[in-house]
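One structure is given here, and the rest of the page talks about it.
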2 protein chains.
Amino acid sequence: MNKSEVREKATLAKAAATVLNRLDTHQKNEALQLMAQALRQEQELILSANLEDLERGRQQGTVPSLLDRLALNPERINAMAEGLEQIIDLPDPIGDVLEALDRPNGLTIDKVRVPLGVIGIIYEARPNVTVDAAGLCLKTGNAVVLRGGSSAISSNRQIIEVLHRALALSAIPVDALQIIEDPNRASVDEMLKLKGLLDVVIPRGGRSLIQNVVENATVPVIETGAGVCHTYLDASADPTMASDISLNAKVQRPSVCNSMETLIVHQDFAARHLASLAEQFKESNVEIRGCEETLAIIPWATLATEEDYSTEYNDYILNVQIVNTIQEALDHIAQHGTQHSECIVTEDKDQAALFIQEVDAAAVYHNASTRFTDGFEFGFGAEIGISTQKLHARGPMGLPSLTSTKYRIYGNGQIRR
Amino acid sequence: MNKSEVREKATLAKAAATVLNRLDTHQKNEALQLMAQALRQEQELILSANLEDLERGRQQGTVPSLLDRLALNPERINAMAEGLEQIIDLPDPIGDVLEALDRPNGLTIDKVRVPLGVIGIIYEARPNVTVDAAGLCLKTGNAVVLRGGSSAISSNRQIIEVLHRALALSAIPVDALQIIEDPNRASVDEMLKLKGLLDVVIPRGGRSLIQNVVENATVPVIETGAGVCHTYLDASADPTMASDISLNAKVQRPSVCNSMETLIVHQDFAARHLASLAEQFKESNVEIRGCEETLAIIPWATLATEEDYSTEYNDYILNVQIVNTIQEALDHIAQHGTQHSECIVTEDKDQAALFIQEVDAAAVYHNASTRFTDGFEFGFGAEIGISTQKLHARGPMGLPSLTSTKYRIYGNGQIRR
């Protein structure tokens with residue numbers, strides 16, 4: 001039987017991971033620098049491959065916003081190269097000793113950070129993810145098998161070819177970086193079952209992509225992304241801060257996972273300030289869907305459905321829910337939230353402490369916009385995604401999230417009695 | 001539609017987890033102490049329920065070794081209570097601050113340990129796991145849904161009844177501790193799909209139980225257990241240490257996951273010492289299966305198959321493989337190992353360093369028995385199992401493995417530009 005493309009490339013990646021595991025930080029950084037140079041030098045090749053993707057997209061009637069995400073230009077390619085250079089500057093977590101134990105029987109035990117091995121990344125259109133994911137995985141000593149969206153296949157193939165030429169001049173084996181070219185969904189499904197070859201799969205994309213991965217993978221998954229985030233304006237919220245934070249959370253960049261989908265408002269605050277706040281949302285072209293009480297204050301709003309409250313719009317649409325107590329706000333978040341980012345705006349420290357204690361989410365805010373849930377904003381320097389699961393990593397994932405650990409035990413003949 | 005037992009109990013557990021999350025260490029420890037007292041006071045009830053299980057087992061022709069694992073007596077019940085008291089003495093990881101970041105924009109961020117939420121444990125016969133798992137989960141603020149083997153159902157049901165009476169006197173809600181009584185495999189399968197109700201499933205048991213969980217779960221899994229562990233006797237191994245360690249790894253307790261299944265021997269060591277070492281194994285009633293070279297030195301050994309080299313015997317059977325180089329030993333381990341515990345016996349520090357660097361396993365030993373891979377032996381005071389996966393936790397899992405984290409972000413009106 002012939003090996004499939006997926007199995008063949010994962011097998012090569014696994015063999016390369018063993019070599020990669022032996023490299024020191026300097027060798028890995030050198031390779032990243034060569035990759036950055038190659039991207040800049042070969043930008044014409046990449047841009048012309050990108051034109052193929054754009055042309056095919058136009059023929060297939062792809063909407064302009066998606067074409068824009070797909071489009072490359074010299075600035076965007078330079079930004080990819082700069083991204084790699086930023087990763088070079090980050091501390092290498094591999095080899096860090098996290099625990100050291102001396103046992104009474106004379107055994108010396110330590111726990112050291114090691115690469116995960118081979119990481120599978122499944123993502124959608126944007127070609128910059130190709131470079132970003134490659135850089136983060138290789139820096140942490142992991143081989144990587146990429147499976148990008150078929151709409152960017154020409155760009156991705158060309159980017160990988162350029163990066164492979166750079167790796168050929170480095171200590172990192174070329175095989176450590178693989179891209180699956182098969183555009184069929186079956187190649188994704190095959191990746192999800194590659195236990196023994198892939199150590200983890202990380203999906204990056206919309207809800208249906210992530211759901212498919214979570215439901216079908218036998219390989220361990222780090223779930224990322226989907227964010228139905230709430231901002232709760234408490235009775236004692238400062239009105240200016242409340243409007244600044246809630247407008248920022250909704251409109252500064254509505255298309256991302258840490259933007260707000262639902263504004264929860266205490267009835268006392270709503271009675272005094274919701275009408276004027278709604279005008280500000282209206283000026284920003286935000287459509288409002290709300291509960292019955294909301295409609296009494298904002299006549300131009302429409303009635304929100306249960307489904308609306310669980311929808312990640314990623315758009316200029318906002319749900320508004322008026323509550324009588326903070327407990328109702330907590331219950332609403334527990335029911336509709338995706339455990340991503342949640343915020344309370346209040347001047348009451350006890351209410352803030354209660355909210356932060358009770359809300360079960362990766363990031364819980366007091367008096368700041370949920371838009372800060374981001375590896376760069378947290379000071380990690382880069383991120384492979386935002387984990388919305390509770391195991392292994394939660395919230396923005398920096399380099400340590402791409403590592404495992406190993407116990408090393410040193411003895412002089414100890415046996416167990 | 002009526003809710004199934006599994007869904008109903010998981011729903012109750014989830015609601016209880018919210019309450020449990022608010023309790024302090026003192027309240028949780030008090031509950032554990034009441035549980036320990038109740039076990040001692042009600043031991044007659046538990047013993048008579050256990051007799052039912054034993055009687056049913058005998059009628060069904062259960063083998064004596066399994067009946068022994070199932071059997072309780074006053075000493076074993078007291079040991080369960082002592083286990084709970086040991087958990088009381090362990091530090092509570094919940095609330096520990098793992099990182100603290102002050103950002104240039106004035107945001108204060110910290111990362112705090114929180115409970116996972118609701119933990120599902122799927123295990124086989126031994127009733128002591130029921131108490132142990134309950135204690136570890138509750139101490140870390142998690143609700144727990146237990147699904148034990150059907151052969152111990154009477155004992156487990158009675159134990160839970162006793163523990164529930166103790167919890168009723170404590171701050172921990174009774175609903176935080178659930179046991180699934182449905183003996184059908186369908187109840188396990190249902191647990192594996194309870195995304196949104198269970199935060200993690202931990203299987204404890206043999207290979208087929210674990211395989212079923214890993215292959216069918218959509219809930220995140222922490223894989224535990226299966227151990228095909230190797231001991232490699234290098235050319236320069238001290239002969240006495242080599243025999244002490246390899247005999248201990250095989251025969252001190254062959255039925256457990258950290259015992260040795262395959263002895264790999266460098267040809268130089270084999271030529272000088274393997275014959276006498278084999279005699280020692282023979283005296284311990286260990287059957288040997290080996291490669292062709294092994295048979296030339298140990299005539300009474302039988303030829304090992306490829307399958308033998310990948311089998312966790314948990315029995316007095318040992319594979320022996322003679323190699324020409326350490327690289328052959330590393331390749332054999334990479335091919336047949338389960339990334340659990342691996343050991344090199346050598347007097348050569350460079351070979352030891354190479355082995356420890358190259359072997360991809362939870363625990364890698366130099367000159368000590370693999371039998372030490374155990375939460376108690378590592379000084380954790382207790383363990384919920386030994387993780388053989390690379391995500392979240394690897395190796396013996398102490399209390400911190402039963403936690404997640406949450407980022408708390410404190411601002412004074414920060415918005416993203």
Next on the checklist: Among the residues that make up the range B:299-317, is at least one of them crowded, with 23+ Cβ neighbours inside 10 Å and in contact (Cβ under 8 Å) with a residue 24 or more places away in the chain?
Outcome noted: no
Item to check | Positions within the range B:244-256 being surrounded by 24 or more Cβ atoms within 10 Å (Cβ to Cβ) and not small (Gly, Ala, Ser), in sequence order | outcome: B:Ile245, B:Lys250
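Pick from A:Ile326, A:Ile384, A:Ile333, A:Ile317: which is more than 25 Å from A:Cys291 (Cα to Cα) and not assigned by TED's automatic domain parsing to the domain that holds A:Asn142?
After applying the criteria, what remains is A:Ile384.
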Checklist entry - Of the residues that sit in the range B:364-378 and are in contact (Cβ under 8 Å) with a residue 40 or more places away in the chain and over 24 Å from B:Ile119 (Cα atoms), which one is farthest from the other protein chains (Cβ to nearest Cβ)? => result B:Thr370
Next on the checklist: Given the options B:Glu358, B:Glu328, B:Glu312, B:Glu377, name the one that is over 18 Å from the mean Cα position of the chain (by Cα) and over 13 Å from A:Arg408 (Cα atoms).
Outcome noted: B:Glu328
Next on the checklist: Condition first: buried (at least 18 other Cβ atoms within 10 Å of the Cβ), in contact with a Gly (Cβ under 9 Å, 6 or more places away or on another chain) and in a strand (DSSP E or B). Can you find one or more residues in the range A:322-339 that meet it?
Outcome noted: yes
Checklist outcome for this item: Pairing a residue in the range B:92-107 that is free of Cβ contacts under 8 Å to residues at least 12 places away in the same chain with any residue that is not polar (S, T, N, Q), where Cβ atoms lie under 7 Å and the two sit 6 or more apart in sequence or on different chains, gives B:Ala100/B:Asp110; B:Leu101/A:Phe378; B:Leu101/A:Gly379; B:Leu101/B:Ile109; B:Arg103/A:Gly379; B:Arg103/B:Ile109
Next on the checklist: in contact with a Pro (Cβ under 9 Å, 6 or more places away or on another chain) and within 30 Å of B:Ile386 (Cα to Cα): is that true of A:Gly385 in this structure?
Outcome noted: yes
Checklist entry - Mind checking which pairs have a first residue in the range A:379-407 that is under 26 Å from B:Val118 (Cα atoms) and more than 10 Å from every other protein chain (Cβ to nearest Cβ) and a second that is part of a loop (DSSP other than H, G, I, E, B) and among the hydroxyl-bearing types (Ser, Thr, Tyr), Cβ under 8 Å, 6 or more apart or different chains? => result A:Ile386/A:Thr373; A:Thr388/A:Thr338; A:Leu402/A:Thr140
Checklist entry - Restricting the range A:345-363 to residues that are outside any loop (DSSP other than H, G, I, E, B) and among the β-branched types (Val, Ile, Thr), which is farthest from the other protein chains (Cβ to nearest Cβ)? => result A:Val345
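If we only count helices (runs of 4 or more DSSP H) wholly inside the range A:20-88, which ones have 1 or more residues that are surrounded by fewer than 17 Cβ atoms within 10 Å (Cβ to Cβ) and within 25 Å of the chain's Cα centre (by Cα)?
A:25-41, A:64-70
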Item to check | Which listed residue, of B:Arg113, B:Arg126, B:Arg157, is of a type in the set (Lys, Arg) and part of a strand (DSSP E or B) | outcome: B:Arg113
Checklist entry - B:Ala168: surrounded by 24 or more Cβ atoms within 10 Å (Cβ to Cβ) and either within 16 Å of B:Ala16 (Cα to Cα) or at pLDDT below 95 (or both), yes or no? => result no
Checklist entry - Within the range B:215-243, can you find the residues that are free of Cβ contacts under 8 Å to residues at least 60 places away in the same chain, part of a helix (DSSP H, G or I) and surrounded by 18 or more Cβ atoms within 10 Å (Cβ to Cβ)? => result B:Ser243
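Results for (1) among the basic types (Lys, Arg); (2) in the same structural domain as B:Leu67 (by TED's automatic domain parsing), shown as yes or no for each residue.
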site	(1), (2)
B:Leu163	no, yes
B:Arg185	yes, yes
B:Glu190	no, yes
B:Arg253	yes, no
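The values are calculated or read from the model by the stated rules, or taken from the named source; none is laboratory data. Keep in mind it's a predicted model, so treat the numbers as computed, not measured. Using ideal geometry, Cβ is built from the backbone for each residue, glycine included, and neighbour counts are taken over all protein chains shown.
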